[in-house]
Each structure stands twice: as structure tokens, then as C-alpha cells.
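Following: one structure in C-alpha cells, then a few remarks.
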Amino acid sequence: MTLRIAFAGNPNVGKSALVNAIAGTRLHVGNWPGVTVEKKEATFTFAGEEVRLVDLPGTYSLSSYSIEERVTRDYLLNERPDVVIDVVDATHLERNLFLTLQLLELGIPVVLALNMWDEAKERGIEIDTELLAKVLEVAVAATVATTREGVGELLPTARRLAAARPATIAAHNAACRDASLAEARPHVARYGPLVDPEVRLLGEALHRDAAALVERVPCRWLAVKLLEGDVGAQALLDGTGEGLRKQIAEQRRRIQTLAGDDPATVISDGRYGVAKGVVAEVIRQRPIDRRDLTELIDRVVLHRWLGIPIFFAMLWFVFHTTFDGAQPFVDFINQVITGPVERWFLVGLTAIGAPGWVASLVSEGVIGGAGFVLTFVPILFFLYLFMGILEGSGYMARAAFVMDRFFHTIGLHGKSFIPMILGFGCNVPAVYATRSLDSYRDRVLTSLLIPLMSCSARLPVYAVFVAAFFVEWRSTVIFSLYLLGILLAVGMGFLFKRSLFRGEAPVFVMELPPYRFPTFRSLMLYIWEKLQSFVRKAGTYILATSVVIWFFLNLPWGVQNPGDSYFGRVAGTVAPLFAPVGFGTWQATGALLTGVIAKEVVVSTMGEIYTPEPKVAATPPAVAAEIAEIGRGFVAACGDSVVAILAGLRLLPAPAQAPPPSALAQRMRDTFTPLRAIAFMVFVLTYIPCVVTMAALGQELGWRWSAFAAAYLLSLGWGLAFLTYQGGRLLGFA
Amino acid sequence: MKTTRDLETLLQESEIAPTAQRRVIAQAIRDNTGHPDAETIYHLARQIDPHLGIATVYRTLKLFAEKGLVDRHDFGDGRARYEVAPESHHDHLICVRCGTVVEFARAQIEALQEEVARDEGFDLLDHRMELYGLCSACRGTRPRILDPPATAAGARLVRNLAQLAPGEAGRIVRVGAAEKLHQRLLSMGLVVGEVIRVERIAPLGDPISIRVKGTSLALRHPEAEAIVVEVVPTAGGRRK
């Protein structure tokens, strides 16, 4: 028998920290089927018994108005875990009990984990846990997730409870039907003399007219939700008679008339009434003179004049540190992969007598692809480090608070700002950063606009063209491209808000949690979860794409000139499509095609096509020496990272920049004109996101949105390049 | 026009088992000279017995009203008001601006009402008459939405949440949001009767952050406008 335990609770109560403290690295992170709400699970053996933990999304209620609420209630209703561990914030017991009372109606044994017990003590809040357990008929444990105090008790308590009170619906419903017993059970939320009889009446009707349904769904919970007018509960009634529906409508009307308020309000009021009463009974508040640190920080961070400068300073710091700090590691990984690792593989393959094409496939397709995936790991590490700190500390919500007004106008949420800005560094972490957004709609909308933020990989492309054509106006041209991207994002934001997402106004009610110190352990677990999921999911697709592209470049067998490969032929076939926009050659098209893998590859492909270099033959490796070299390289990368971060903060002089390539520039002037160059750059700015971004979009939003993003960006890019090129020609440019 | 009968007799006459809590609540209503609402009664009763929960107060008030111990009045301000059922009948004048309630009785009116009922073939069991208007103090004042916060005891000032300045507090009178938002607001503790305080306004003027049930919530203006509050005086309250 597996003991199935679900963790439920409000957002910001330390639920994830508690789950982490129990399950740690055993947690498996995935998505709930059909939605992009994170699902964390762990299966392990505890005291000789198999235990399966599920961390449900944080919710304030069990209604069906947000994805999180739906996921939580569907799981609890359909899977019926043996025990629910309800994590509550001991410092805000009253509001947390609103959810607890709804959980109790499901008839599943509940362990109340009074988390942040230490904080409550500091604030002079004394909770009589024994009384609380008696009043609510639950087990109560005081916990501190960050220090793991009391955490060890949770599993044994849950197991004891599950054994003592099985969570069968039959038992629950029997108790529920027996009115006198229900009366004697104080833990069942009561809604006063007006609503209680209605609940009982409807409960009886459900047993009579929807017997099959009540075998699956706890009758009391269902009755209450139906009286509240909950849409999800009404959907459960499908297939039952019309009489039941009429009765519900009638009962709802009765409550409305008698209470003078709508039933949902009356029932919520009842719940808060009980919560208030329970809190009054079990809590002793010692008066304590305590300065509220959160209020002090907020006074500065959300200050009318300082708020926005502080936000931008923070953003600049995150942006800069993420990309500059990660760069030495990116270079290091590149060197290791293309150097020693590739050589070892080649030597190994030669030793076992593999044919040359296998060696080429492995080195260019597999190692190239895998290495490419790995180069994102340092960037994502820094990104998640900062996201973890920003979210865990509570600043993320403040950033949204400060910037919301601005983003609201283009239909976005204040929290969209951080992903958008990160997009200037790299679209991939930016897409992952949309996780901090609560609603799926905001997540989709923000992610669709992120590719318009000109990422750092597009800069080398601009740099090459600018060096060849616009040396004098270098910064103006590049700045205009960035600006164009931003304007396009604003424009498309408006457009999407009015077309795809019309009418779906998201509710902006966001909690500003108190500031806290994220613990090192939770940060590392957070980063670990995200990175391994990136490497596993996105990595697989990127690797596959990389291998497919290799085949296209190297088929038919023995092809010498890339123009004759399938790839070249495909490029040649689609090239006429680009004639109206000014670059209908197979070379330009081919470069753009490879640019789908990564935008900076456009430059290297152009380099290869326009100025081919002979390949350097591999030399036999000295494995031991190379391993030592790798170690030294890593240490150097750490040092460089620190230097780069400090240099960016103007604490150290910046390292010298490499000069831009110039041999290529000459060749490009032969094939491009300035107008064509501009059209090309505009196209590179907007066209299809790179494979990694598409993989990230697919992983976060599903493949349909990913394909949609590619399609709309491609058309937008083509359209803009067309306007640029043809418009320029009309004005008399070549 | 307050009754002087003692509580014990009152409860007995109304066939209500005189538990300790019920006595306390009945006493609170009797000792108040006005028409207190449930929240007020709760606070008064808590001074006598600090362990009393608001749920108990609501339940008890409903019981009292059912048994005829108290009269429940709805003066259209979203709150039920209670008074110990008087031995003699009287009617009410209600000021829509400050909420003042004046009791009056006129034999002619009573007679006229009975006459009307008789003419229509009605057997009159009970009646209430409530006259709404502006009291002498409020006559000639500006509409309350533009008024400065009320300081006079008993005066009510109704605004929507978006109209409050940082530091001002209000008791929720009505949550007028559409279903989805309404549910969300309810689940986050924004229920009628709750006292909330505006903490601050974002640098760009929107959203605002409010304090409710010990936590801070950020709301945009359209959402805040749906929440109607009655301003409660605060020490730290200041106007722009």
C-alpha cells in the first residue's frame, strides 16, 4: 500500500520549502497534464512503507476560477489522497483557515502544518495547538521549513492519521447524511442557521437524484459549492436530472432573498466567521513592540520617487551579472566541448574503426548540439539564482507593483517586465522567467513578445553588417534596431490584447508577501530543478534538431560544396521567396536557415560560405594533461566571472574587447548593398526565434504556441523587410 | 425609548435559553442607545467577554431576531441594525448622508395606516415605516463623496477603495465585482465588515496596496473601485 500525501496551502506560506525539506532532490518536477502549472512529485520509502508526495499549486480557495484552483481541486477530488498536509502560515492563521475549512469538507484527513512557527513566536502570537487540533478535528504540527524544525513529525503524523481515519467517501458521506452527527462535528464549517439547512437539504437531494456522482464526490462539499454557484461544481452535474438544477436555483434564490446578499458571499462570510471564531479561541496575542522590517523596506523600495530608480538599478544588476558573470563559463564550456571532449570522441571513434561520416556526425551534430545546450547552463544558472532570490525574498511582487501601470496599457502584467528585459540578453532564460507570472494568458502574451527583444546573439550579426556598411552610424543603426524591436513588441502587445486575448481581462490581485531571506538550500534546489528540466526537455529537441541539420548539410553522400547539399538545395529553393525583400541568394537564405539554430550562427555560416577556411586536423590527445587543463580552465572561468561582474559594476577596469571581423566585411560589400543590409538586419531582428527559444516556448506553453510564435514572427519579419527594401527602392536607394 | 426590563425576563419571555454568551450579547444591545450593527455589537460584547467570536454574535443576533427579542432594521446602508424590541411601536427617520436614526411615533400615522390596511381588506399584523432624507446637521452639506473624512462620532462616509488616500482605512460595505473577481477577492479576505487600510499607491499611480487580515494585497484601480468602504477614522490618516 502506497501512502499518498498531498500538500496544499495558500501561496507564500513556505509550502515548497516544506516539501523540499522532506523530499529534497527526490522531487520530480513536471507539469500537470494539459496546463503549465508546475507539478512536483516524489516517491520514496519511509519507515518501510512507500510514500508518494504531491505538491499541489498554492491557492486561496477550492473554487474553479484559476488554473491553480482547478488543478488542486481536481486532484483532491479525482485522486483522493490518503492525507492532505495543509501548510498554513502561523502568522496569518485566520486567512489561511479559509482554505483549510474547504479542505475539511472533502472528508480527507488533514494534518495542519503551522509553518513559520518561529516567526509567529517572534511576533508574540501564541497558538494553542492542542485546542486547535480538537476544534478542527485535525492533527496539528508546528513547523519551521527553513530550519526543518518540526518537519520530521509530519510524515509519522500523516501516516497515523491515515490509518486511523481512512479517507473513503462512503465514510464521509455517511457521517454527512447523519444530520445529528454532522451537528456534533465542529470541524465541518457551518454557515449559520440560514445556509446550514439548505446544505443539508441539497445534500439529501444529491443522494437521491445523483447517487452515482455522490459516490465519487463528497456530498457536503458538492452541496456547498453548488449553493455558492461554483461553475466547476455545476459542470459535475452534467447528466443528472433537470429537477436537481431547479432545486439548486430555488435554494440559491432563497438564500439571496433571506440574507440580502448573494449566496457565495454569504457562504464565504460564514467561513470567515468560523475562522475568526477559531482564531479567537486558540490564539493569544502577546503585545510586542516590534518594528516591521517589511514596512521599512517597502517605504524605500516602493517610494514614490525612489521606487522606479531602485527597480531599474536592480534590473541592471541582474541583467549584467547574469550575462557577464556567465560568459567566462560559457567560453569555458565551449572550449572544453570543442577541444578535449570532441578530440576524445574522435580518437575513440577512430580506434573502433568508425567511418569518417560517423565521426563528423558525432563531432558536428551530436557534440555540437549537446555542447550548445550546455553553454546555456551557466546563463540559466545565474538567471535562476537571481530569480530565486527575487522571488524568495518577496521583491518580485514589488517589482510588479512598481511597473504594472506601464505594462497594463499593453495588456501585460507588471511582472512581465523582468522577462522582457532578460530577453535582451537571451530569449531562452526570458521565456523561462515568465514562470513568475501567475496567469497562463500573461505567460503566453509575454512569451510571444519576448523574441522581439533583440537578444545578444543578434548583435554579432548587426556588428558584421554595420562594420561593412555603416561604420559612421554604427551605434545609431544598432540602437534603432533595438528600438524597433521594442516598438514592435508594444504594437504586437496591443494587437494581441485586442485579438487573441480579447475579453480575458486577467484579475490583478497580488499578494505582497513579507520580505524573507531565501535559504541557500532552497535556492540550490530551485536551480537544480530548473536546470535539469531544461537539459532534459529542451536539450533533447535541440540535439535532435542539430543532428537533423547535420544530415541536411551532408546529404547526399560525399557532397563537397554546401550549395549542393540538401541544405543548399532547400536554401536555393526558398531563396526566391526572399527576392522581394532584397536577399534572394542561397547564401543569404542558407545563413538565415542555420540562424534558426542560433542567431549568431548566421555570422559563422556567412563566414564559412563567403570565406571558407580549411579544417584543422585533430592531434592525438594527452588525456591526463587535458583533464588538468580543464580543471585550470574552470578555476580561471570562476576568476573571470568575478572580474566581469566587478568590472560591470565599475569596480575594476573592463577587459579588452576583441576586434570585429574584417575579412568578411569586404566580401559582404560585394554581395549586399546598404539597403539590402538594413532589410537583412530587420529580418534577423524579427524572424523565427532560435531553436532553443522555440524549445523553451514549447516546453512552457505547448507546441502550438511555439509554432504560432514562429509563424507570426516570420511573417512580421518578412513584411517589415519587404517594406524596408521596397520602400527604400521607391525612395531611390539601391 | 429603551426598555428597562431586565435581561433575564427578556430572554425568558422570548423563549431563549439564557446562556452566558447570549446574556452578554443581549446586554450589549440593551446598553447601546442607538441602532448598532452586528460589528458594533460584537465590539461592545467583546468588552464584556473578550472570547466572543463574531460568528457567535451573528448567530445569536439571528436567533434574537427570529424570537422577536430584537428588531432587525435595514436602513439601506448594507448593514443590518439591531435594537431591543420596544414595548411601544415607533417609526424611524434615517439620514442618508450621516446615517443618524431618529425615532418617532405619531398616533395619526398609525391610525391612517390601519385604515389603509382595512380598506384593502388586509388584516394588519405588523408594519415598519422608514423615512429617508437629510438630517438637520447634514442639510446644505455637499455630497459625501467629496466630503473630508468624518470625524464626528456616528457619522458615516462611504467611498470606494480607490478614493482613499494612503493611511486611510475603511470597513468594507460592499464588494461589487463580477463573479470571478468577486470569488478571488472573497478568498483573499475582502469580505463585508472587514476593516482594510490603504498602505500606499504605486509610483506610477496604479496599483494600490492595501492591508487586509494582516497581509498586503496589490489591487488595480478598476478592482479597487468595485470595493465600497465606509471610512473609519485612523490616527495615521492623512489627505493629499
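Data overview
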{"read-out": "Dipole in debye (nearest 20) - the protein assembly as shown, about Cα centre, beta carbon charges: Lys, Arg +1; Asp, Glu -1", "value": "2100 debye"}
{"read-out": "Cα-Cα P(r), segment B:145-232, percent of pairs per 5 Å interval", "value": "3, 16, 28, 27, 17, 8, 2, 0"}
{"read-out": "Tail beyond 24 Å, pair distance distribution of segment A:3-166 (Cα, percent)", "value": "27 percent"}
{"read-out": "Residue-by-residue Karplus 3J(HN,Hα) for segment A:319-335, coefficients 6.51, -1.76, 1.60, Hz, glycine and proline x", "value": "4, 4, 5, 4, 7, 6, x, 7, 3, x, 6, 4, 4, 4, 5, 4, 5"}
{"read-out": "Using a Förster distance of 35 Å, the FRET efficiency for residue A:540-residue A:573 (Cβ separation, nearest 0.05)", "value": "0.75"}
{"read-out": "Sequence-distant residues sharing a close amide H with residue B:168 (under 5 Å, placed H)", "value": "B:198, B:238"}
{"read-out": "0 to 90° range, to nearest 10: angle between helix A:395-408 axis and chain A longest Cα axis", "value": "70 degrees"}
{"read-out": "Difference of contour (0.36 nm per residue) and Cα-Cα distance, residue B:178 to residue B:9", "value": "56.1 nm"}
{"read-out": "Computed over segment A:326-470, Cα set: Rg, Dmax in Å", "value": "20.1, 65"}
{"read-out": "Range in chain A, longest, excluding exposed GluC sites (Glu not before Pro) [loop by DSSP; at most 15 other beta-carbon atoms within 10 Å]", "value": "A:138-471"}
{"read-out": "Cβ neighbours within 10 Å from other chains - mean over A:59-66", "value": "4"}
{"read-out": "Alpha carbon convex hull of segment A:173-285, projected area averaged over orientations, nm²", "value": "7.6 nm²"}
{"read-out": "Whole-number percent relative contact order across chain A, with pairs defined as alpha carbons under 8 Å at least 6 apart", "value": "11 percent"}
{"read-out": "Sequence of B:67, A:530 once ranked by neighbouring C-beta atoms within 10 Å, starting from the fewest", "value": "B:67, A:530"}
{"read-out": "DSSP beta bridges in chain A [antiparallel fraction, %, rounded to 5]", "value": "45 percent"}
{"read-out": "Per-selection metrics, segment A:75-164 (Cα): Rg and Dmax in Å", "value": "12.8, 41"}
{"read-out": "Computed over segment B:7-84, Kirkwood Rh from alpha-carbon pairs, angstrom", "value": "12.2 Å"}
{"read-out": "Nearest-20 debye value, segment A:385-486 charge dipole, Cβ charges on Lys, Arg, Asp, Glu", "value": "60 debye"}
{"read-out": "Cβ-placed point charges (K, R +1; D, E -1), dipole of segment B:91-133 about Cα centre in debye, nearest 20", "value": "340 debye"}
{"read-out": "Over 23 Å (Cα to Cα) - which of B:180/B:213; A:225/A:276; A:15/A:497; A:39/A:121; A:39/A:530 fall in this group", "value": "A:15/A:497; A:39/A:121"}
{"read-out": "Rounded FRET efficiency, nearest 0.05, which uses the C-beta distance separating residue A:347 from residue A:286 and R0 of 56 Å", "value": "0.20"}
{"read-out": "Shielding of A:399-405 by partner chains, average beta-carbon count, 10 Å", "value": "5"}
{"read-out": "Label point at residue A:500 placed 7 Å out along Cα→Cβ; residues across segment A:452-486 whose backbone nitrogen lies under 13 Å", "value": "A:452"}
{"read-out": "Value in Å of the Kirkwood radius, where segment A:302-378 supplies the Cα pairs that are averaged", "value": "15.1 Å"}
{"read-out": "Calculated P(r) tail over 14 Å for segment A:207-262, as whole % of Cα pairs", "value": "54 percent"}
{"read-out": "Furthest towards positive pole of dipole, B:207, B:107, A:466, structure part the protein assembly as shown, Cβ charges", "value": "A:466"}
{"read-out": "Signed unit charges on C-beta, dipole axis of the protein assembly as shown, positive-most listed residue A:309, A:251, A:65", "value": "A:309"}
{"read-out": "Debye log10 I(q)/I(0) for segment A:410-545, one point scatterer per Cα, at q = 0.11, 0.17 Å⁻¹", "value": "-0.56, -1.06"}
{"read-out": "Order of A:103, A:714, B:112, A:553 - criterion: other Cβ atoms within 10 Å of each residue's Cβ, fewest first", "value": "B:112, A:714, A:553, A:103"}
{"read-out": "Compactness of chain A as Cα Rg over 2.2 N^0.38 Å, two decimals", "value": "1.12"}
{"read-out": "Fewest-first ranking of B:127, B:35, A:303, using other Cβ atoms within 10 Å as the exposure measure", "value": "B:127, A:303, B:35"}
{"read-out": "Computed [θ] at 222 nm, helices only, for chain A once each DSSP H run of length n ≥ 4 contributes -39500 (n - 2.57)", "value": "-19500 deg cm²/dmol"}
{"read-out": "Peptide A:41-49 - average C-beta neighbours from other chains (10 Å radius)", "value": "0"}
{"read-out": "Selection from A:233, A:210, A:194 lying farthest towards where the dipole of segment A:187-248 points positive, charges on Cβ", "value": "A:194"}
{"read-out": "Sequence-distant residues sharing a close amide H with residue B:160 (under 5 Å, placed H)", "value": "B:229"}
{"read-out": "Exposed-loop-free span, longest in chain A, where chymotrypsin sites (Phe, Trp or Tyr not before Pro) count as exposed if DSSP calls them loop and at most 10 other C-beta atoms lie within 10 Å", "value": "A:1-304"}
{"read-out": "Total formal charge among the other residues, if their Cβ is under 14 angstrom from that of residue A:315, Lys/Arg +1 and Asp/Glu -1", "value": "+2"}
{"read-out": "Two-site FRET efficiency, residue B:108 against residue B:132, from Cβ-Cβ distance with R₀ of 25 Å, rounded to 0.05", "value": "0.75"}
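We did not get these values from a lab; they are worked out from the coordinates using the rules stated. A quick note: this is a predicted structure, and the numbers were derived from the prediction, not measured. Cβ: placed from backbone, ideal geometry, glycine included. Neighbour counts: every protein chain shown.
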